[in-house]
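Contents: one structure, followed by commentary.
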Amino acid sequence: MSPRNDIASSSCGCPEYTSLALSRRALLGSAVLAGGVVALGDAQRGYAVTTASSTRSRLSSTGSVLVVLSLRGAADGLSLVVPHGDPVYYAARPRIAIPHTSLLVPDAMFGLHPALAPLVPLWDSGRLAAVHATGMPTPNRSHFAAMEAIEDAAPGSDERNGWLNRLLGQLPGTSPLQGTALGNQVPTSLFGSQPAFVVGEVDNADVAGADSDGRRVAALRHAWGGSARLGRAVRDALAGADGFAPVRAVPAGAPTPTPYPDSELGQAMSEVSRIVRANVGVDVVTVDQGDWDMHTDLGTVEWGGMRRNAEDLAASVAAFFSDLGAFGDRVTLVTISEFGRRVRENDDYGTDHGHGNVMLVAGAGVRGGRYYGSWPGLADTLDADLPVTTDYRSVLSEVVTRRFGVSTAQVFPGFAPAPVGVMA
């Protein structure tokens with residue numbers, strides 16, 4: 001088959017994911033006032049969002065920063081980190097399997113997709129690791145339901161309180177910027193009783209219509225005074241926009257030898273770097289990369305959506321850590337996706353909804369240059385999934401315990417993490 005570089009990124013073949021992606025994008029450019037969330041401004045100016053919470057006014061940070069990069073659409077972990085030592089992988093994927101001779105940093109079982117080449121220096125320097133066969137303990141093949149479940153991370157609870165929001169509740173500090181999301185809405189992981197700040201573009205993160213003498217902001221504070229929940233949320237948003245001013249003063253970096261790609265993720269990671277380097281007390285940042293739902297045209301090592309997205313992911317993350325410079329010693333990045341893909345390829349050079357996946361962990365505190373996890377072995381049947389042997393919460397528990405020194409009992413209620421070993 002000839003190269004297919006003209007594939008439209010939205011042609012994933014999954015009506016649910018297409019609808020979900022459109023609904024997320026549709027939020028951009030509109031003010032939101034629902035479910036305890038308030039947005040100020042518009043798409044042209046950027047906007048600030050906060051969940052309803054108590055008023056906070058003092059910046060503080062633990063010194064560590066966690067960046068959670070969500071691979072939206074359910075990435076195929078078997079293509080990103082290839083189990084070349086399992087013969088079933090090649091039997092089940094005769095057209096889309098990555099040849100073992102093309103793999104990067106292979107060991108006896110695994111190797112990285114060749115499009116992840118920009119990440120090899122991080123791997124070789126011990127700052128990047130992979131944990132395979134991770135995921136939720138129970139399969140959930142619905143994008144929407146799985147995203148909600150994996151970011152809520154509290155099975156059986158009916159509270160809308162994401163795991164990152166619960167983490168923020170365990171950290172010192174009073175700034176609404178401590179939990180910041182790049183994008184256009186509050187992710188489930190940040191939703192809850194602690195405030196969260198959402199920004200689309202750093203340079204536009206300001207209150208729409210704000211004047212130089214501060215009268216509009218003062219009028220908004222007066223109008224939204226009192227103890228009502230919505231009023232507190234608006235004041236948090238105003239405080240967040242005010243606290244974000246130093247970030248706008250930090251110029252975008254131009255990292256070498258890997259510059260940021262001209263992509264949504266590349267630009268978002270550049271913005272995350274500015275936020276971290278501004279040192280305004282951010283503890284947690286979320287960012288998304290979409291279009292991983294590849295029922296069609298996942299492709300081969302030479303063409304397709306996997307190559308395109310993997311190149312973007314690797315170049316963006318590599319540029320980010322290069323751009324951070326010394327600040328990289330504070331930052332840990334972890335990737336997560338709502339579920340993995342089936343073992344067997346389908347008739348359209350793609351893969352369908354599955355279960356187990358892989359998580360990449362990079363940066364501060366990572367015992368990198370290694371593959372982690374217990375490999376369950378693959379089965380070549382029509383509905384075979386990659387079984388989950390490591391609950392994703394065990395990986396996250398290790399990250400938040402080692403980097404923030406908190407008890408995971410509050411962050412992941414009712415969960416007893418198993419040791420993974422990926423964090424020092």
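May I ask you to list the residues in the range 208-261 that are open to solvent by less than 80 Å² (accessible area, probe 1.4 Å), outside any helix (DSSP H, G or I) and either of a type in the set (Ser, Thr, Tyr) or in contact with a Phe, Trp or Tyr (Cβ under 9 Å, 6 or more places away or on another chain) (or both)? Answer for the range 208-261, where residues must be open to solvent by less than 80 Å² (accessible area, probe 1.4 Å), outside any helix (DSSP H, G or I) and either of a type in the set (Ser, Thr, Tyr) or in contact with a Phe, Trp or Tyr (Cβ under 9 Å, 6 or more places away or on another chain) (or both): 208, 244, 252, 253, 255, 258, 260. Counting only residues that are surrounded by 20 or more Cβ atoms within 10 Å (Cβ to Cβ) and over 21 Å from residue 190 (Cα atoms), the range 128-156 holds 7 of them.
For the range 73-112, how many residues meet the condition of being of a type in the set (A, V, I, L, M), in a loop (DSSP other than H, G, I, E, B), open to solvent by 40 Å² or more (accessible area, probe 1.4 Å) and under 24 Å from residue 347 (Cβ atoms)?
Here the count works out to 0.
Test residue 414 against the stated conditions and say whether it is open to solvent by 20 Å² or more (accessible area, probe 1.4 Å), in a loop (DSSP other than H, G, I, E, B) and out of contact with any Ser or Thr (no Cβ under 8 Å at 6 or more places or on another chain). Judged against the criteria, residue 414 is a match. In this entry, residue 145 is excluded by the filter for residues that are in contact (Cβ under 8 Å) with a residue 40 or more places away in the chain and hydrophobic (A, V, I, L, M, F, W, C).
Cβ-Cβ distances below 6 Å connect the following pairs, each with a first residue in the range 176-192 that is on the phi > 0 side of the Ramachandran plot, a second residue that is buried (at least 24 other Cβ atoms within 10 Å of the Cβ), and a separation of six or more residues or different chains: 192/162; 192/165. Against the test of being of a type outside the set (Phe, Trp, Tyr), closer than 29 Å to residue 171 by Cα and open to solvent by 10 Å² or more (accessible area, probe 1.4 Å), the options 398, 345 yield a single qualifying residue, 398.
A quick yes/no check of all residues on (1) of a type outside the set (Gly, Ala, Ser); (2) under 17 Å from the mean Cα position of the chain (by Cα):
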{"site": "196", "(1), (2)": "no, yes"}
{"site": "205", "(1), (2)": "no, no"}
{"site": "228", "(1), (2)": "no, no"}
{"site": "239", "(1), (2)": "no, no"}
{"site": "244", "(1), (2)": "yes, no"}
{"site": "249", "(1), (2)": "no, no"}
{"site": "271", "(1), (2)": "yes, yes"}
{"site": "277", "(1), (2)": "yes, no"}
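The criterion of being part of a helix (DSSP H, G or I), in contact (Cβ under 8 Å) with a residue 24 or more places away in the chain and either of a type in the set (Val, Ile, Thr) or more than 20 Å from residue 342 (Cβ to Cβ) (or both) holds for residue 115. When each of 389, 381, 351 is tested for being buried (at least 22 other Cβ atoms within 10 Å of the Cβ), among the polar types (S, T, N, Q) and over 17 Å from the mean Cα position of the chain (by Cα), the lone residue that passes is 351. When the range 326-342 is filtered for residues that are open to solvent by less than 10 Å² (accessible area, probe 1.4 Å) and of a type in the set (Lys, Arg), only 341 remains. Against the numbered list (1) open to solvent by 30 Å² or more (accessible area, probe 1.4 Å); (2) part of a helix (DSSP H, G or I); (3) aliphatic (A, V, I, L, M); (4) within 19 Å of residue 77 (Cβ to Cβ), residue 310 comes up short only at (1). Within the range 158-186, restricting attention to residues that are touching a Leu at 6+ places or on another chain (Cβ under 8 Å) and in a loop (DSSP other than H, G, I, E, B), which residue is surrounded by the fewest Cβ atoms within 10 Å (Cβ to Cβ)? Restricting to residues being touching a Leu at 6+ places or on another chain (Cβ under 8 Å) and in a loop (DSSP other than H, G, I, E, B), the top hit is 174. So is residue 323 acidic (Asp, Glu), crowded, with 24+ Cβ neighbours inside 10 Å and not in a loop (DSSP other than H, G, I, E, B) or not? When the stated conditions are applied, residue 323 passes them. I need a count of the residues in the range 237-253 that are touching a residue at least 60 places away in the same chain (Cβ under 8 Å) and under 21 Å from residue 287 (Cβ atoms). Residues in the range 237-253 being touching a residue at least 60 places away in the same chain (Cβ under 8 Å) and under 21 Å from residue 287 (Cβ atoms): 6 in total.
Among the residues of the range 118-127, write down those that are open to solvent by 20 Å² or more (accessible area, probe 1.4 Å) and among the hydrophobic types (A, V, I, L, M, F, W, C). Matches in the range 118-127: 120 only.
The values are calculated or read from the model by the stated rules, or taken from the named source; none is laboratory data. Note that this is a predicted model, so its numbers are computed, not measured. Here the Cβ is made from the backbone with ideal geometry for all residues, glycine too, and neighbour counts use every protein chain on show. Note: areas computed on protein heavy atoms with side chains; ligands, DNA, RNA excluded. Shrake-Rupley method; radii C 1.70, N 1.55, O 1.52, S 1.80 Å.
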